[in-house]
Structure formats: C-alpha cells, structure tokens
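A quick write-up on the structure given underneath.
The values are calculated or read from the model by the stated rules, or taken from the named source; none is laboratory data. Computed from a predicted model, the values in this text were never measured in an experiment. Every residue, glycine as well, gets a Cβ built from its backbone with ideal geometry; the counts of neighbours run over all protein chains shown. What goes into the accessible areas is simple: the full protein's heavy atoms, side chains included, and nothing from ligands, DNA or RNA. Shrake-Rupley method; radii C 1.70, N 1.55, O 1.52, S 1.80 Å.
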Amino acid sequence: MSKQSRKKGNKKISKIALIAFPIVLVLLIVLVGYLDKTGKEQAQQEKETKVVQFDLSNQPVIGSKDAKVTLVEFGDYKCGSCVNWKQHVYPELKKDFIDTGKVKLSYSNMTFQPGNTRLAALAGEAVFAQNNDSFWKFHEALYNDQVKNLPEAFTVEYLLDIAKKAAPELDLKKLEDDIRNETYAEQLAHDDRVSKEAQVNSTPTVFINGKLHMTEQPLNYEELKAAIEKALAAS
C-alpha cells in the first residue's frame, strides 16, 4: 500500500473518530444521567416503603397508649417551619386525632439550627424526666412563644421562664441544674442516632406508623389528615 493510500485511510479514520466521539460522549452522558435518576428513584421508593421501628419507651408521648396510629415528629426548637407546624398543623391534629384517642404523637429532637437549640432540647429532656405532661406544656409554650418573642439564642434564664409559666408544678431548681449540667445529653445523643438511622435530614419530619410521611408541603394539614386516615383504615 502506498504512503498516499495510507494517508487517505488515516484521514478517513480520523474523520470517523471525530464524528463518533461526540455521539459516544452524548450517549455516555445520557446513560449516566439515566442510571443516576434510576438510582435516586429507587432510593426514594425504598425510603417511602421502609418501616422504621421506633422505641418510644423513653420518649415523650401524647395521646392514648392504645391509639392505632403512632406519629413520630422530628423537630428543632429553632426551626421556623416547626414553629409554623406547631401553630397551624398541631392544633388540628390534636383536636381531630389525639384528643379522640386515634393517634399518639412522640417528639424527637434534632439540633442542627443555630441559636443554641441544643440548650432548648436539653431543657425539654430535663422537663420530660420530671413529668411527661409537663413536657408537652413546656414544648408547646416554647414553640408558641417564638411567634411573639423570637430570641436570637436560647438562654437558661429564658427557658426557665418558659417552664415556670407553662408548667409551674416543675421543680425549677432541679430543672436548672439538669440544664446546666447537661444531665440528659445522652438522650439527645440517642435522638441523634435515631434520626440518622431513619435518614431524617430536615424538620419537621413526621413518620406515620413507622413510614415516612412524604410531602413537599409539611404545613399542609389536609395531606397529613388523609395519610392518617389511610393508616387508620389499614390498622
């Protein structure tokens, strides 16, 4: 074969390669995108169908112990959406389902927001250790007070004042000591482990009988109500 023929052959191969390369590249990009999308969809489906077994034996719970549906809420005391959830969703939930004995609700702490939210969670755990009913008074008062008085950061004095007003039956001296000494730090660590195991990465997040309540509108009570009624019908 002459040098001229070889040159023509090489040029032809180069042209084919130039044409084929972008086509192959596009196909690879499409394939990677498809696999990524498929993987995310599968992960999301697994998350939606997964049933988490929550141990509520040492968690604050409100509602009848015989309720057929159990809700577990993950919240942060400095989370704006949690404040709104407590203002607009929780009252309806309590009236329709908790007070009627159909649902019991448990609360677990997440403490990733700025503003010394860990201190508030420690206070909540210390209140709960004294009395479960007092916890829910304190819990609601702490969230509700932030609508009117939004402190830049929680302080021991602020938290004690909330506790004194909301649950005067508490031993405030013991409460102060428990907050300052971080007596219930291990309980916060427990909540943190549970949130990671349940793959919770935002607040408020709610589980219904161990299944994640999937919604892009956590403040939409009608969606939550429909999901609870579905769970009640299935139980």
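Is it the case, given these coordinates, that Pro91 is within 26 Å of Thr215 (Cβ to Cβ) and without any contact (Cβ under 8 Å) to a residue 24 or more places away in the chain?
Against the criterion (within 26 Å of Thr215 (Cβ to Cβ) and without any contact (Cβ under 8 Å) to a residue 24 or more places away in the chain), Pro91 qualifies.
Within region 68-89, track down each residue that is over 15 Å from the mean Cα position of the chain (by Cα) and open to solvent by 10 Å² or more (accessible area, probe 1.4 Å).
Kept after step one, since they are over 15 Å from the mean Cα position of the chain (by Cα), are these residues of region 68-89: 68-70, 87-89.
If the condition is that a residue be over 15 Å from the mean Cα position of the chain (by Cα) and open to solvent by 10 Å² or more (accessible area, probe 1.4 Å), then Lys68, Thr70, Gln87, His88 are the ones that fit.
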**Fill in**
Those residues of region 94-123 that are touching a residue at least 60 places away in the same chain (Cβ under 8 Å), of a type in the set (Gly, Ala, Ser) and closer than 14 Å to Val61 by Cα come to a total of 1
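Would you kindly identify the helices (runs of 4 or more DSSP H) lying entirely within region 141-235 that contain at least 1 residues that are surrounded by 16 or more Cβ atoms within 10 Å (Cβ to Cβ) and under 13 Å from the mean Cα position of the chain (by Cα)?
On the way: elements: 156-166, 172-180, 185-197, 221-234.
It comes to 185-197.
Condition first: part of a helix (DSSP H, G or I), more than 23 Å from Val200 (Cα to Cα) and in contact (Cβ under 8 Å) with a residue 24 or more places away in the chain. Can you find one or more residues in region 72-83 that meet it? Break it down into steps so the answer makes sense when it comes.
Of all residues in region 72-83, those part of a helix (DSSP H, G or I) come to 80-83.
Right, trim to more than 23 Å from Val200 (Cα to Cα) and you get none.
No, there is no match, as no residue in region 72-83 is part of a helix (DSSP H, G or I), more than 23 Å from Val200 (Cα to Cα) and in contact (Cβ under 8 Å) with a residue 24 or more places away in the chain.
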**Some residue of region 64-71 being in contact (Cβ under 8 Å) with a residue 24 or more places away in the chain, in a loop (DSSP other than H, G, I, E, B) and under 23 Å from Phe154 (Cβ atoms)** = no
